[in-house]
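Input: a single structure, listed below in structure tokens.
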Amino acid sequence: MDFPTRFDVIVIGGGHAGTEAALAAARMGSQTLLLTHNIETLGQMSCNPAIGGIGKSHLVKEIDALGGAMARATDQAGIQFRVLNSRKGPAVRATRAQADRILYKAAIRHLLENQPNLTLFQQAADDLLVEGDRVTGVVTQTGIRFHARTVVLTTGTFLGGVIHIGMQHHAGGRAGDAPANALARRLRELPFNVGRLKTGTPPRIDARTVDFSVMQEQWGDEPTPVMSFIGSRDQHPQQICCYVTRTTEQTHDIIRSGFDRSPMFAGNIEGVGPRYCPSIEDKVNRFADKDSHQIFVEPEGLTTHELYPNGISTSLPFDIQLAAVRSIPGFEQAHITRPGYAIEYDFLNPQDLRHTLETKFIGGLYFAGQINGTTGYEEAGAQGLLAGINAALQAQEKDPWYPRRDEAYLGVLVDDLITMGTSEPYRMFTSRAEYRLILREDNADLRLTETGRKLGLVDDHRWQRFNTKREAIAGERSRLETTRIHPDSAAGARANGFLNQALTRDQSLAELLRRPEISYRHIADIGEVRAEDPDVAEQVEIEIKYEGYISRQADEIERLRRNENTLLPADLDYDVIGGLSNEIRQKLQTVRPETVAQASRIQGVTPAAISQLLVHLKKRD
Ligand code: FAD
């Protein structure tokens, strides 16, 4: 039979992790099979139709910098783009796009179907082929055996999935999809630590039954932000308005009246839910003093009437969901098209993984996405990319690659997961990264694209765009450093117009830009050339304005790196080290790490604490 069954890499699951994994491995030249339940659901957004947001857009841009799909698909599918935290510092600025879920899926499918070296096949993977301590392939539901050097498992919420609505529950991978029970059973036979987690989604609403006139309008930003470093706003479809409404005291009373039939409160759900994305019943219960919660009313797309009411995820019985929704201003006549629900699923303790996301027990087997205890498309996509890269590298008998914590949010994400594990769905925040000022979303390409090129992930088009931008940044920086203006010149007179303190001597444009009252646009057209590309201008402005802080962080990283292998004496008395919190002191006393690197990986031991440790060791010497 002329049907391909031997590959370099097999990826199981066509969600956000699986698609990035398969695309990455194939881009790197590995013959790759993407095996998934249903080709129609490739790239499906199981919950909210949005990509990016605080901490998450950093991951999306890193995926993009390494040639991945998520940002490009977002530019083709985004129906509203905003920059969050735009008034705060560049480290925490984040791009968020509301996506048309049909266009998003189409964009991902197009990329998959047109990727050389990639084969798609629709079928459930029910079993893994394992020989000794290595994976050698996969067996499908109908018994087809596929063989490969490496296998990436990205099964999302499907392993042993159980859907709850009120006191009713049934098996499911997400609404409308069957779970992956055979594979879940197989994984429980292997030496992995399996736990249960839970997540939920709100009911969807028919826009034709909603009164938007009582809601607050929320438009996207102008000019429209772009997600991909090689994207453009010309690719964006029509942009639309979102709305904001709120729950009322009546809503909360209705929700409370359903507590006795809540699967969460009745103990039917054992899995822990996402702390930062709680259900509405959880919010009403935990924040009893609050009489209202905000709801963002987000269209699901340009060709559907369905709305996503962001903020009222619930697994309460349907009658309570309906009454609660209809007590919300604007939703009085609302028709629910799909009930909200919670889903419980198996996840595998990520402490059983290496930094490459390869499992410690079975060589060649990688896990990525929600299966590792994370939540969110972006977290899944980033892990998928990393697992795909390493599965391809191993298949090609090359050294593994993974970014450090000071190189990428992807490094932070994986390091957090494998060193600390997780007992609740893990989502990314900027606060998880200690080197935030260096790991900005705007410089993800400068941090990673060169590595991506070396790994074979970045095509000629992206590489050329990147080099043009990098050269333009260097050129503009040097122009600003070398163009000096004299107080008595015409340029000096102009500059004095916007300076708080007038010029008293020659100053470079870079020096002027370091002043808080000056932004790039004030000085852009002083001198001969200026950066036409707003991304170049932004980069130059951030690099110059925050130079002091950035170089301090870079020094700290360098110092820690140099000292990573420094030994910690077995008799070290942590009580006499100044500047450590009691919690950190206690952790160090208990673990008694052997090296500074090991100490830095203990949960809660901050870079500042490591610095104190190093100062103390130096004094001791
Ligand atoms: P998924 O997107 O779930 O994709 C898994 C893929 O694997 C699917 O295509 C599936 O068909 C396939 N598959 C599974 N098993 C097999 C098998 N044995 N053989 C072949 N194919 C298989 N995220 C948030 O950030 N916030 C939220 O509020 C939120 N709420 C959610 C609510 C619900 C009800 C659900 C279901 C998810 C929610 N998520 C939320 C999570 C978000 O959808 C996931 O984080 C993200 O989709 C994970 O991506 P993934 O690639 O790991 O898995």
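The values are calculated or read from the model by the stated rules, or taken from the named source; none is laboratory data. Everything numeric in this text was worked out from a predicted model, so none of it was measured. Heads up, the Cβs are rebuilt from the backbone with ideal geometry, glycines too, and the neighbour counts pull from every protein chain shown. All accessible areas refer to the heavy atoms of the entire protein, side chains included, with ligands and DNA or RNA removed. Shrake-Rupley method; radii C 1.70, N 1.55, O 1.52, S 1.80 Å.
Results, tabulated for the structure shown:
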{"item": "Mean ellipticity per residue at 222 nm, deg cm²/dmol - from DSSP H runs of n ≥ 4 across the chain, formula -39500 (n - 2.57)", "result": "-10500 deg cm²/dmol"}
{"item": "Spatially proximal lysines relative to Lys454 (Cα-Cα < 30 Å; intrachain offsets below 8 disregarded)", "result": "Lys56, Lys61, Lys105, Lys360, Lys398, Lys469"}
{"item": "Theoretical gain in end-to-end length, His305 to Asp459 [0.36 nm per residue, Cα-Cα removed]", "result": "51.6 nm"}
{"item": "Loop-exposed GluC sites (Glu not before Pro) per DSSP, neighbour cap 16 Cβ within 10 angstrom, longest uninterrupted part of the chain", "result": "1-269"}
{"item": "Antiparallel bridge percentage (DSSP; both residues within the chain; nearest 5)", "result": "70 percent"}
{"item": "Surface share of carbon and sulfur [accessible, 1.4 angstrom probe, percent] for region 490-621", "result": "47 percent"}
{"item": "Inter-label distance for Asp289 and Ala182, nm, one decimal - labels placed 7 Å from Cα along Cα-to-Cβ", "result": "5.5 nm"}
{"item": "Quotient of Cα Rg and 2.2 N^0.38 Å for region 391-541, N being how many residues it contains", "result": "1.42"}
{"item": "Relative contact order of region 56-109, defined on C-alpha pairs under 8 angstrom at six or more residues apart (%)", "result": "36 percent"}
{"item": "Whole-Hz ³J(HN,Hα) from phi, Karplus 6.51 cos²θ - 1.76 cosθ + 1.60, for region 226-236, glycine and proline x", "result": "10, 8, 8, 5, 10, x, 8, 6, 5, 7, 5"}
{"item": "Dipole magnitude of the chain about its Cα centre (Cβ charges: Lys, Arg +1; Asp, Glu -1), debye to nearest 20", "result": "640 debye"}
{"item": "Accessible area per residue, Å², the chain with all protein chains present, probe 1.4 Å", "result": "43 Å²"}
{"item": "Shape of the chain, Cα gyration tensor, a/c cut at 1.5", "result": "rounded"}
{"item": "Lys, Arg +1 and Asp, Glu -1 on Cβ, resulting dipole of region 39-97 about Cα centre, debye, nearest 20", "result": "420 debye"}
{"item": "Top positive-direction residue, dipole computed over the chain with Cβ charges, set Gln507, Ser57, Ala124", "result": "Gln507"}
{"item": "Farthest positive-ward along the chain dipole, Cα basis, beta-carbon charges - from Met70, Ala207, Ala107", "result": "Met70"}
{"item": "Percent carbon-and-sulfur accessible area, region 311-374, ignoring ligands, DNA and RNA, probe 1.4 Å", "result": "53 percent"}
{"item": "Electrostatic dipole magnitude of region 186-335 [Cβ: Lys, Arg +1; Asp, Glu -1; Cα centre; debye, to 20]", "result": "640 debye"}
{"item": "Cross-link partners of Lys545 among aspartates and glutamates (Cα-Cα below 12 Å; sequence separation of 8 or more within a chain)", "result": "Glu511, Glu517"}
{"item": "Between region 577-612 and region 256-284, the alpha-carbon center distance in angstrom", "result": "36 Å"}
